[in-house]
Structures are given as C-alpha cells and as structure tokens.
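The values are calculated or read from the model by the stated rules, or taken from the named source; none is laboratory data. From a predicted model like this one, the values you see are computed outputs, not experimental measurements. Ideal geometry is used to build each Cβ from the backbone, glycine not excepted, and the neighbour counts take in all protein chains shown. Surface accessibility is based on the protein's heavy atoms, side chains included, excluding ligands, DNA and RNA. Shrake-Rupley method; radii C 1.70, N 1.55, O 1.52, S 1.80 Å.
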Amino acid sequence: IKQIQPIDMKAHQVIANNKLNATEKHQKLQSYDKQITAVLAQHHLTPVRYETLLKRAESDPSFAKRTEEDLHKIG
C-alpha cells in the first residue's frame, strides 16, 4: 500500500489534468498500471488479490485494524 499510494496519486492527477489529451492520459495511466503491477509482483500479489484485500479492509474493521498496525510496524 505504501509503495502504491504515490503511484495512485500521480494517476489521479493525470485523470484530473485537463491539459492532457486522451492519448497522453492513456499512455501515462498505462505506465502507472505497469508500475503498480510490478510492485504487487514483488510482494507476490496479483491486482485482483490486492483489490480483494482492500475491499476486505473496507468491510472488516478488525482486518483493517490489523493491517494498519502492520503498516505502522514496517514504517
């Protein structure tokens, strides 16, 4: 999550940037998708598994709390 958040923030900035045309946005977003996929692969996760974990954290408060505690431990 900590490695993906900065990439995700950049992607949202691209989406909101009205100065870029659709092709430029698509190219930049594809680049960010590749970066995110690479980060997930380093941690033995697929994009689907990552999304599943995020959804579980949203719906299961105890899981979210454990996850947050673990994130604070790793800095």
Residues within the range 34-55 that are of a type outside the set (S, T, N, Q) and open to solvent by less than 90 Å² (accessible area, probe 1.4 Å), tallied: 11
Residues satisfying the stated conditions in the range 1-26, i.e. open to solvent by 80 Å² or more (accessible area, probe 1.4 Å) and in contact (Cβ under 8 Å) with a residue 12 or more places away in the chain: Lys2, Gln3, Lys10, Ile15
Inter-residue pairs, beta-carbon under 6 Å, first over 15 Å from Thr67 (Cα atoms) and in the range 43-55, second outside any helix (DSSP H, G or I) and open to solvent by less than 90 Å² (accessible area, probe 1.4 Å), 6+ apart: none
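Restricting to the range 15-67, give me the number of residues that are in a helix (DSSP H, G or I), among the aliphatic types (A, V, I, L, M) and more than 13 Å from the chain's Cα centre (by Cα). Break it down into steps so the answer makes sense when it comes.
First, pick out the residues of the range 15-67 that are in a helix (DSSP H, G or I): 15-16, 22-42, 47-59, 61-67.
Applying the additional criterion that residues be among the aliphatic types (A, V, I, L, M) yields 15-16, 22, 29, 36, 38-41, 48, 53-54, 57, 64.
Then drop every residue that is not more than 13 Å from the chain's Cα centre (by Cα), which leaves 15-16, 22, 57, 64.
Matching residues across the range 15-67 total 5.
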